[in-house]
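As structure tokens, the structure follows; a few thoughts come after it.
Each reported figure results from applying straightforward, stated rules to the coordinates on display, with no laboratory input. Computed from a predicted model, the values in this text were never measured in an experiment. With ideal geometry, Cβ positions are generated from the backbone for all residues, glycine too; neighbour counts draw on all protein chains shown.
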Amino acid sequence: MALLETKNVTFTYPNEKKPALQNISLTVNRGEFLVIAGPSGSGKSTLLRLLKQEIAPVGELSGEILYNGKPLHTIDRIKTTKEIGMIFQDPENQLVMDRVLDELIFGMENLGMDTLQMRKKVAEFAHFFGIHSLLNKPIHELSGGQKQLVNLASVLLMEPTLLLLDEPTAQLDPVAAKDFLHMVDMINKEFGIAIIMVEHHLDHVLPLCDRMIVIEQGKISLEGNPRHIIETIQKHEQSHFHYYLPNIARLFLTYQEEKSTCSVPLTVREGREWIQQLSVLPIDEPQIEHRNDSQRPFIEVKNIVFQYDKNGEKILDHLNLSIHEGEFLAIVGANGTGKSTLLKVIAGLESPIKGKVLYQGRKLKGPQPGVVHYLPQNPKLLFIHDTIREELEALVERQKGNDPRERLQEMLQFFNVEDFLDRHPFDISGGELQKLAIIMVLLTDARVLLLDEPTKGLDPEMKHRLGKLLQQLQKRGMTIIMVTHDLEFAAAYSSRCAMMFQGTVTAISDSQDFFRGNTFYTTAINRITRNTNVPEVTTLEEARRVWKLAKNH
Amino acid sequence: MNYGFRTLHPLVLVTYYITAVIAITINRHPLFLFFTILLLIIFNWSIDKGKTLKSWFRFLLLFALLLFLINPLVNHRGQHILFYLFNNPVTLEAVVQGLINGFTFLAVMLLFITFPLIVHSEKFLFLFSKVFPKWGLVAMLAVRFVPLFRIRLQEMVAVQRTQGINIARGTMRQRLKNGIKLVQMLLTWSLEDGIETADSMAARGYGIQKRSQYNPYQMHAEDIFSLLFMAGLSVITISGAWLGDGVFVRSPVVELVFLYGWEWLFFAIHCLLVGFPLIVTAKEEAQWLYWKQKM
């Protein structure tokens, strides 16, 4: 008997004509690891919430949801609360208590476990998760990754048999995200807890999962084990779905010699094994003409020191950076190294304690609307009107002179968000809001674009389109500075990369060279091709440029 | 810091906050309030060396000043006219009332900002989740809400400036309009986040049955003594207010600020009540000192 089964589940939100989910039938077995992917706004989160009935959305539901063969709503609340656990996307908002220990025991106390049992379990889990040193800390002092681990531990302490995860790593940096996924994998393999995870970034998840489901516009469009799905996608030439595949798989699909001699590689190790069989001739790439460095940089950041508090640590510590006009610079680095603060300083939102920011030799004083556009890490900060239409209307009105309405229409179409205009900005999914925020900063041509995590919440296809768009803007002479955790995105579209560490820029070079030198901060494709018989590349696009397959060995 | 006032039973802690608020609101006398503020500043200092207080201080002072100034400008009642402002009389009574308003606000806020530092969310749930689970939930969300609100408002104002919306510039009408929009959005946002937190609480079974307790709080002798002490003092305070001794009379004549007779007794009791945490902490500090000397 399956652990969880949905039969023809159709769900419609109140006041909506189109159902959010249509005829969803799926089964999850005990101990299975299931991944749900799909474009943003396709109903993935709705499905997950329907399975957790304590927080199920209100609306019209037909079909059946069975848990252990019984309809979910007939089962005792205490049992379902305990056995079906859920982790949400935002690490912050799901924390309830103000100290780590209190957060861990919150669920157990609600279930009425006795003190002795709780103490034993906390001791055990704190050790397993490596968070025993954090137990007495105020929770707001933790990093995003630590917070999400605490959330996970708190749910696991309730001993679930099924764990629902709604894009749990979307807000974490790559190292923290990997740690988190590693923990989820361990929980699945060592405790046999079944997992349903909604996730866009399949690179790290696909090797771990047993089965994958793709949901598009509320319907299941693909289902099967990862390799099977990759093969189906390739056969059907569903080109827009290519972007969902892990980069290793995409490289394989592009360069695999004869079909079906070797199964699709999912991990770096498998990829390296496959690449040994390949014989590739390098094509000499025409040297990219280097910009004239003798020219004065467009933006100069000089000896910036920034701290929030006299006794606090230095967020930015004598940081120097120069950016040329028409450059697309990506800034990477772990959480808390000062990336976002640097962007705010360049935007004129924070003034440094020491040092200065020069734009074409002139000192920056405060924000420069119309010249420097800034996309904050949290897109919600940009919206102050009740509906998106009003917000965009107000934005259009603020532009004196040229009328950007036509451009706006194009952008709405490009980002596929025309349907949401009459909704409240907080009523749409995180991915949709992110797209609208991007439209807001791109609508009028600024000279400088400052983007803080522009790809957050975007599905892979949209990410690709955004990347292309940014490259176009760059070609037209716009200067783009982007802070990102998304290394694949930075490698594919930016022209230069900088690494931040402890408040300074520790390394900066052209994107291709930058990733070649890194062990962890690099792309999967780079890790596969490093020190092998094929020319080292960092992205699929680069491989397309410099690789030529030899006919035979 | 894991000694002193905050180690007392949660019921004692909450009782202190309730009685202190009552004492502040009934003893509306400049001298009472002035000493209350002094004691509460020391209390704040004893908890975290004034870290929390510092982050609030400018805002509190500004708001208190506003309250102090607004009354004489709006309220013109009273016999002692000090001077005329825009053809309106500014009276001594109104100025004193403004001072009391400002002081009361400052005192209540100084007390309030220590609350989350002393009564952790876990202690709070221990007290309220059994009796009023729904209210416990609302209160938990509200406590989270306050610091977030301040941080976000600053962020939002800053980010809107990059969009060309500046609430510090433009016509008054425009500024007001944008300002209101901003605060409105902020409220919606915080409520939205609150829903997410509430979801997370519901997902982990909050309120489905009686909660158990990880920390078994027990009433010790000093807890019971503290409760009795505070109960006694507040009874005297309330009866004092009833007799009119803690109340500052403004009409028909403005009373002298200085105290006389029985009022000194009520003043002392008021200070004991508001300064109760300091007494407990000082007592324990003294015990440590004594213990160290003995070694």
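Spatially close Lys pairs in chain B, defined by Cα atoms under 18 Å apart and a spacing of eight or more places or different chains, total 6. Compared with the dominant principal axis of the Cα atoms in chain A, helix A:174-191 is inclined by about 20°.
Taking the alpha carbon gyration tensor of the stretch A:299-524, multiplying each eigenvalue by 5 and rooting it gives semi-axes of 29, 21, 17 Å, largest first.
Pairs of alpha-carbon atoms within less than 8 angstrom and 6+ residues apart define the contacts here; what relative contact order does the stretch B:131-209 have, in percent? Don't skip to the end; give the middle numbers.
On the way: 27 pairs, mean separation 30.5, N = 79.
Contact order relative to length: 39 percent.
Remark: relative contact order (chain A) = 15 percent; criterion is Cα-Cα distance under 8 angstrom and separation of 6 or more residues. The stretch A:65-138 and the stretch B:64-129 have Cα centres spaced 43 Å apart. Other protein chain C-beta atoms within 10 Å of residue C-beta, averaged over A:88-101: 5. Where both bridge residues fall in the protein assembly as shown, DSSP classifies roughly 55% of the beta bridges as antiparallel. Note on chain A: dipole from Cβ charges, positive end direction compared against A:Phe33, A:Phe180, A:Asn225; the farthest Cα belongs to A:Phe180. Remark: the stretch A:277-377 carries a charge dipole of roughly 700 debye about the Cα centre, counting +1 on each Lys and Arg Cβ and -1 on each Asp and Glu Cβ. Distance between the C-alpha centres of the stretch B:222-238 and the stretch A:167-191: 52 Å, rounded to the whole angstrom. Under the convention that each Lys and Arg Cβ holds +1 and each Asp and Glu Cβ holds -1, the size of the dipole of chain B around its Cα centre is about 940 debye.
Compared with the direct C-alpha span, the chain from A:Val305 to A:Ala56 gains 84.9 nm at full extension, assuming 0.36 nm per residue. Across the options A:Ala347, A:Ala170, A:Leu364, the greatest Cα extent toward the positive end of the charge dipole of the protein assembly as shown (unit charges at beta carbon of Lys, Arg, Asp, Glu) belongs to A:Leu364. For the stretch B:58-75, the Karplus equation 6.51 cos²θ - 1.76 cosθ + 1.60, evaluated at θ = phi - 60°, returns couplings of 4, 4, 4, 4, 4, 5, 5, 5, 4, 4, 5, 7, 5, 5, x, 7, 9, 9 Hz by residue, with Gly and Pro reported as x.
Take each residue of peptide A:109-116, count the partner chain Cβ atoms within 10 Å of its Cβ, and average: the result is 6. Phi-derived couplings, Karplus 6.51 cos²θ - 1.76 cosθ + 1.60 at θ = phi - 60°, listed residue by residue for the stretch A:477-492: x, 7, 9, 10, 10, 10, 9, 8, 9, 8, 5, 4, 5, 4, 5, 7 Hz, with x used for Gly and Pro. Of all lysines in the structure, the ones whose alpha carbon falls short of 18 Å from that of A:Lys302, not counting any fewer than 8 places away in one chain, are A:Lys314, A:Lys339, A:Lys344, A:Lys354, A:Lys356, A:Lys363, A:Lys365. Modelled this way, with points 7 Å down the Cα-to-C-beta line, the labels at A:His318 and A:Glu410 are 4.7 nm from one another. Legend: calculated FRET efficiency, B:Trp135 to A:Gln502, from the Cβ-Cβ distance at R0 = 30 Å, rounded to 0.05, equals 0.10. The chymotrypsin sites (Phe, Trp or Tyr not before Pro) of the stretch B:1-103 meeting both criteria, a DSSP state outside H, G, I, E and B (loop) and at most 14 other C-beta atoms within 10 angstrom of the site's C-beta, are B:Tyr3, B:Phe86. Charging the Cβ of each Asp and Glu at -1 and of each Lys and Arg at +1, and nothing else, the dipole of the protein assembly as shown about its Cα centre rounds to 1640 debye. Annotation: amide H-H contacts under 5 Å for B:Arg28 (H modelled 1.01 Å from N, sequence separation of 5 or more, or interchain): B:Phe248. Converting phi to 3J(HN,Hα) with the Karplus coefficients 6.51, -1.76 and 1.60 and the offset θ = phi - 60°, the stretch B:155-171 yields 4, 5, 4, 5, 5, 5, 5, 5, 8, x, 9, 10, 7, 9, 10, x, 6 Hz in sequence order, with x at every glycine or proline.
Among the lysines of the stretch A:1-79, pairs at least eight places apart or on separate chains and with Cα atoms under 26 Å apart come to 16. The H on the amide N of A:Ala498, modeled in the peptide plane, is under 5 Å from the matching H of A:Ala330, A:Ile331, A:Val332, each at least 5 residues off or on a different chain.
A simple spin-label model places pseudo-atoms 7 Å from Cα toward Cβ; at B:Val108 and B:Val143 they are separated by 2.0 nm.
FRET efficiency for the B:Ile279 to A:Lys189 pair, using the beta carbon distance and R₀ = 45 Å, is estimated at 0.20.
Taking the dipole about the Cα centre of chain B, with the C-beta of Lys and Arg at +1 and of Asp and Glu at -1, give me whichever of B:Ala202, B:Leu8, B:Tyr214 is farthest to the positive side. It is B:Ala202, whose Cα lies furthest towards the positive end. Under the combined filter of DSSP loop state and at most 15 neighbouring Cβ atoms within 10 Å, the stretch B:63-157 retains these trypsin sites (Lys or Arg not before Pro): B:Arg77, B:Lys130. Using C-alpha pairs under 8 Å with a sequence gap of at least 6, the mean separation divided by the residue count of chain B gives a relative contact order of 32 percent. Each peptide in A:26-37, A:383-394 receives the mean, over its residues, of other Cβ atoms within 10 Å, and ordering these scores from highest gives A:26-37, A:383-394.
Site pair A:Glu397 and A:Ala550 shows an inter-label distance of 6.8 nm when each label is modelled 7 Å from Cα along Cα→Cβ. Plugging the Kirkwood radius over Cα pairs into Stokes-Einstein for chain B, at a temperature of 4 °C and a viscosity of 1.567 mPa s, what D comes out in µm²/s? My calculation gives 58 µm²/s for D. A straight chain from B:Phe225 to B:Ile18 at 0.36 nm per residue would run longer than the Cα-Cα distance by 72.8 nm. A compact globular protein would have a Cα radius of gyration near 2.2 N^0.38 Å; the ratio found for the protein assembly as shown is 1.09.
Residues whose amide H lies under 5 Å from that of B:Leu82, counting only those 5 or more places away or on a different chain, are B:Val90, B:Thr91, B:Leu92; hydrogens are built 1.01 Å from N in the peptide plane.
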